């Protein structure tokens, strides 16, 4: 399955503008795992490829506090969607200079500016994020920048338990993690799943091994 996906991603490359592949899905479904596996395999084959996660466009906690959204971090209005769109447009069209994108430090739970370089020789960018198929502005414009969007799918029980375990790993108690999933992540997942029918490919993540 993974080799088929690698071949499909490779086939998206254009001889003109840089190509961007989007990986979408609900929290805990395996978007990061799939994106990292794809990029690693393509790089091993000598492809010039870069990974630009949407998480770098999380609003910082100080901004979320000011907006009263800190308790919903991860919801669609806690990201700088317009900034992400601008970055994708530049990444797709600017082949002359290195394009720098923000990353996201999970230990700090904060975006970090300028940590990802998309060098001029890169012809395929893989980006992953929750809301690539959302209806609200500016996300349809984001979708227009992407050659394809793949949707990661995983059994709901498995997905939620993995998500809870991730929250615990990064500092929440198990009860806090379960409450966060029930009150924040589940609402986000419903919004994300509503876009499933607009994807180019549904990927069953139970058939994809974990990133090493």
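The values are calculated or read from the model by the stated rules, or taken from the named source; none is laboratory data. Just so it is clear, the structure is predicted and the values come from calculations on it, not from any experiment. With ideal geometry, Cβ positions are generated from the backbone for all residues, glycine too; neighbour counts draw on all protein chains shown.
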Quick test of your reading of the structure: residue 166 fulfils all but one of (1) within 18 Å of the chain's Cα centre (by Cα); (2) at pLDDT below 95; (3) more than 20 Å from residue 75 (Cα to Cα). Name the failing condition by number. (3)
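Yes/no matrix, rows are residues, columns are (1) touching a helix residue (DSSP H, G or I) at 6+ places or on another chain (Cβ under 8 Å); (2) touching a residue at least 40 places away in the same chain (Cβ under 8 Å); (3) buried (at least 22 other Cβ atoms within 10 Å of the Cβ):
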{"site": "4", "(1), (2), (3)": "no, no, no"}
{"site": "21", "(1), (2), (3)": "yes, yes, yes"}
{"site": "24", "(1), (2), (3)": "yes, yes, yes"}
{"site": "33", "(1), (2), (3)": "yes, yes, no"}
{"site": "44", "(1), (2), (3)": "no, no, no"}
{"site": "49", "(1), (2), (3)": "yes, yes, yes"}
{"site": "60", "(1), (2), (3)": "no, yes, no"}
{"site": "73", "(1), (2), (3)": "yes, yes, no"}
{"site": "82", "(1), (2), (3)": "no, yes, no"}
Among (1) at pLDDT below 95; (2) in a helix (DSSP H, G or I); (3) closer than 22 Å to residue 104 by Cβ, which single condition is residue 171 missing? (2)
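For segment 108-124, which positions are in a loop (DSSP other than H, G, I, E, B) and either more than 30 Å from residue 172 (Cβ to Cβ) or touching a strand residue (DSSP E or B) at 6+ places or on another chain (Cβ under 6 Å) (or both)? Show your work before the answer.
Step one: filter segment 108-124 for residues in a loop (DSSP other than H, G, I, E, B), giving 108-109, 119-123.
If the condition is that a residue be in a loop (DSSP other than H, G, I, E, B) and either more than 30 Å from residue 172 (Cβ to Cβ) or touching a strand residue (DSSP E or B) at 6+ places or on another chain (Cβ under 6 Å) (or both), then 119, 120, 121, 122, 123 are the ones that fit.
Go through segment 86-107 and give me each residue that's surrounded by fewer than 19 Cβ atoms within 10 Å (Cβ to Cβ) and in a helix (DSSP H, G or I). Walk me through how you get there before you give the answer.
Within segment 86-107, the subset surrounded by fewer than 19 Cβ atoms within 10 Å (Cβ to Cβ) is 86, 89-90, 93-98, 100, 103-107.
Answer for segment 86-107, where residues must be surrounded by fewer than 19 Cβ atoms within 10 Å (Cβ to Cβ) and in a helix (DSSP H, G or I): 86, 89, 90, 93.
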Residue 188 being surrounded by 12 or more Cβ atoms within 10 Å (Cβ to Cβ), part of a helix (DSSP H, G or I) and modelled with pLDDT of 95 or more: yes
